[in-house]
Amino acid sequence: MQPPPNDDRAVSVISRRERGALVLTVSGDLDIDSVPPLGRALDKAAEEGSGPVVVDLSGVGFADSTTVNVLLQGQTALGGRLRLAAPSPFVQRLIGMIGLDSAIPVLGDVDEAIDAALPS
């Protein structure tokens with residue numbers, strides 16, 4: 001018997017426009033069961049608009065390899081428009097361990113990510 005879902009772990013992806021960028025604020029624990037909303041938000045961002053797409057990871061307490069795959073798929077679709085911002089300590093360790101920052105820019109906060117130059 002599986003335990004009931006823990007609402008504290010529920011994932012939320014809130015999108016907003018800020019200074020020409022699309023900011024996706026993610027909160028909750030990301031795993032194979034909970035990461036699809038992030039994937040859909042990145043797919044939608046690739047289909048619509050231009051400019052930076054910033055994924056704010058400050059509210060993510062846990063992420064697994066499924067999350068990494070979704071972010072890499074987003075990077076494939078968005079190219080240099082995608083950047084990660086303010087990863088939580090757990091996510092920062094994950095990024096460092098697998099070298100994700102060599103594929104996707106990781107910046108200290110959302111403002112820095114919005115202001116980072118797009119590749120030409």
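Can we say ALA45 is open to solvent by less than 30 Å² (accessible area, probe 1.4 Å), part of a helix (DSSP H, G or I) and under 22 Å from ILE114 (Cβ atoms)?
Answer is yes for this residue.
If PHE62 satisfies all but one of (1) at pLDDT below 95; (2) open to solvent by 20 Å² or more (accessible area, probe 1.4 Å); (3) in contact with a strand residue (DSSP E or B) (Cβ under 6 Å, 6 or more places away or on another chain); (4) not hydroxyl-bearing (Ser, Thr, Tyr), what's the number of the condition it fails?
(1)
Search the stretch 17-42 for residues being β-branched (Val, Ile, Thr) and not in a strand (DSSP E or B), and hand back the single one that is nearest to VAL110 (Cα to Cα).
Going through the qualifying residues, I end up with VAL35.
Here's the yes/no breakdown for (1) within 12 Å of the chain's Cα centre (by Cα); (2) surrounded by fewer than 20 Cβ atoms within 10 Å (Cβ to Cβ):
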site: ARG19; (1), (2): no, yes
site: ILE32; (1), (2): no, yes
site: PRO36; (1), (2): yes, yes
site: PRO87; (1), (2): yes, no
site: ALA116; (1), (2): no, yes
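Of the residues that sit in the stretch 89-114 and are over 18 Å from SER15 (Cα atoms) and among the β-branched types (Val, Ile, Thr), which one is surrounded by the most Cβ atoms within 10 Å (Cβ to Cβ)?
The selected residue is VAL91.
Considering only residues of the stretch 1-16 that are at pLDDT below 95 and not in a loop (DSSP other than H, G, I, E, B), which is farthest from SER88 (Cα to Cα)?
The extreme case among them is ASP7.
State all residues of the stretch 88-120 that are of a type outside the set (S, T, N, Q), part of a loop (DSSP other than H, G, I, E, B) and more than 17 Å from ALA41 (Cβ to Cβ); if no residue qualifies, say none.
Hits for the stretch 88-120 are GLY99, ALA103, PRO105, GLY108, ASP109, ALA116, ALA117, LEU118, PRO119.
The values are calculated or read from the model by the stated rules, or taken from the named source; none is laboratory data. Quick caveat: nothing in here was measured; it's all calculated off a predicted structure. Here the Cβ is made from the backbone with ideal geometry for all residues, glycine too, and neighbour counts use every protein chain on show. Accessible surface is based on the protein model in full, side chains and every heavy atom, while ligands, DNA and RNA are left aside. Shrake-Rupley method; radii C 1.70, N 1.55, O 1.52, S 1.80 Å.
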